[in-house]
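Have a look at the structure below before the remarks.
The values are calculated or read from the model by the stated rules, or taken from the named source; none is laboratory data. Bear in mind the structure is a predicted one, so any value in this text is a computation, not a measurement. Positions of Cβ are backbone-derived with ideal geometry, glycine not excepted, and every protein chain shown enters the neighbour counts. Accessible surface areas use protein heavy atoms only, side chains included; no ligands, DNA or RNA. Shrake-Rupley method; radii C 1.70, N 1.55, O 1.52, S 1.80 Å.
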Amino acid sequence: MPNPTSNIPQHVAIIMDGNGRWAKARGLPRIMGHKKGAESLRSTLEACKKTGIRYLTIYAFSSENWKRPVIEVGDLMELLRTFLDKEISTLHKNGVKLRVIGDLSKLASDIHTQIKAAETLTSNNQDFNLTVALSYGARQEILQAMQKMATLVENGDIAINTIDEDTVSSLLYTHSIPDPDLLIRTAGEQRLSNFLLWQSAYTELYFTNVLWPDFSPEHLHEAIIEYSNRERRYGTTSE
Ligand code: IPE
Ligand code: IPE
Ligand code: MG
């Protein structure tokens, strides 16, 4: 396995795509792709920790994914229940702090309770930060931040001329998380699909044709090596 030596991203975000295509190629129901995808998540998380990455943010279910057939949504929610049930103690033991971001009001109340319990249990962990975007949409996130900001202004808690980029960041779900350095999307699609639109303003984008259930630590390392060879200019000139 290649060993990226320098310039490791602090924060990696992943759009885990291609579970359905992976299952279809094998004549299996889509849920089997999602189940195999959960295994990729486990190995990717381990590999991120070992590599020295501190933050992993994964797109697990978008606000638009509610439009999928009821059966698939139900299967995904069941997989989520199992994941929370089975994985939390291991995550906690490994020093992982879990956060879930998105419009959680749309989730079933038992899942909501499971999430809150998992977040509370892991809240003091400092070795690694796993953020799961669930029922998440960036436009909705920005919209709710604007509504909060309007309320703050209306109540006289902030003055309009003091609002800056940090104010906006502080009102997003990701307020205590640095912006992603590297965003990986699997399965060949080259779009953000409403993921972290504000936060990824200067993120390096990496697209691979590998389907998420086939994504391995080797693929992660390939992405990191490519990242470490890129020059992030932030609008300035090269030296
Ligand atoms: C990503 O895989 C997982 C979710 C969006 C929940 P898909 O289910 O989108 O897989 P494809 O794109 O149909 O192959
Ligand atoms: C994006 O994948 C959302 C997740 C990976 C959770 P989709 O498969 O839903 O995105 P589109 O529909 O191809 O844009
Ligand atoms: Mg997809």
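About the Cα centre of the chain, how large is the charge dipole given +1 on each Lys and Arg Cβ and -1 on each Asp and Glu Cβ? Please answer in debye to the nearest 20.
On the way: 26 positive and 29 negative charges, 157 e Å.
The dipole magnitude comes to about 760 debye.
For the chain, what ratio Rg/Rh do Cα atoms give with a Kirkwood hydrodynamic radius?
Working: Rg = 18.4 Å, Rh = 18.9 Å.
Rounded to two decimals, Rg/Rh equals 0.97.
Could you state how much accessible area Leu98 has, in square angstrom rounded to the nearest 10, with a 1.4 Å probe and all protein chains kept in place?
Result for Leu98: roughly 10 Å² accessible.
Once you mark the chymotrypsin sites (Phe, Trp or Tyr not before Pro) that are in a DSSP loop and have at most 12 other Cβ atoms within 10 Å, what is the longest gap between them in the chain? Write down the numbers at each step before the final one.
Numbers: sites that count: Tyr202, Tyr234.
Here the longest segment lacking exposed loop sites spans 1-201.
Enumerate the calculated ³J(HN,Hα) couplings along the stretch 224-229 in order (Karplus 6.51 cos²θ - 1.76 cosθ + 1.60, θ = phi - 60°), each rounded to whole Hz, writing x wherever the residue is Gly or Pro.
5, 5, 4, 4, 5, 8
So how far, in whole Å, is the C-alpha centre of the stretch 68-100 from the one of the stretch 202-225?
First find each Cα centre; the distance between them is then 22 Å.
How far apart, in nm, are two points set 7 Å out from the Cα along the Cα-to-Cβ line at Ser109 and at Gln140?
Those two pseudo-labels are separated by 2.0 nm.
Keeping all protein chains in position, work out how much accessible area Ile71 exposes to a 1.4 Å probe, and write it in Å² to the nearest 10.
Only protein atoms counted, so the area is about 130 Å².
Using a 1.4 Å probe on the protein heavy atoms only, what accessible surface does Ser176 show? Give it in Å² to the nearest 10.
60 Å²
Pop out the carbon and sulfur fraction of the accessible area of the stretch 133-173 as a percent, whole number, probe 1.4 Å.
Carbon plus sulfur share of accessible area: 55 percent.
Compute the accessible area per residue over the chain, keeping the other protein chains in place, probe 1.4 Å, unit Å². Kindly include the intermediate steps, with their values, before the conclusion.
Values: 12490 Å² over 239 residues.
Per-residue accessible area for the chain comes out at 52 Å².
Probe radius 1.4 Å, ligands and nucleic acids left out: which of Lys36, Lys67, Lys86 has the largest accessible area, and how do the rest follow?
Highest to lowest solvent-accessible surface, that is Lys67, Lys86, Lys36.
Round to a whole angstrom and tell me the spacing of the C-alpha centers of the stretch 1-64 and the stretch 119-157.
Computed from Cα coordinates, the inter-centre distance equals 23 Å.
If the limit is 26 Å between Cα atoms, which of Lys67/Lys97; Lys35/Lys148; Lys50/Lys86; Lys36/Lys93 go over it?
Check vs 26 Å cut-off fails for Lys67/Lys97; Lys35/Lys148.
Could you tell me what % of all Cα pairs in the stretch 85-189 have separations over 24 Å?
Numbers: 2130 of 5460 pairs.
The answer is 39 percent, as a whole percent.
What residue among Gln190, Leu41, Ser228 has its Cα farthest toward the positive end of the dipole of the chain, where the charges are +1 on Lys, Arg and -1 on Asp, Glu, each on the Cβ?
Leu41
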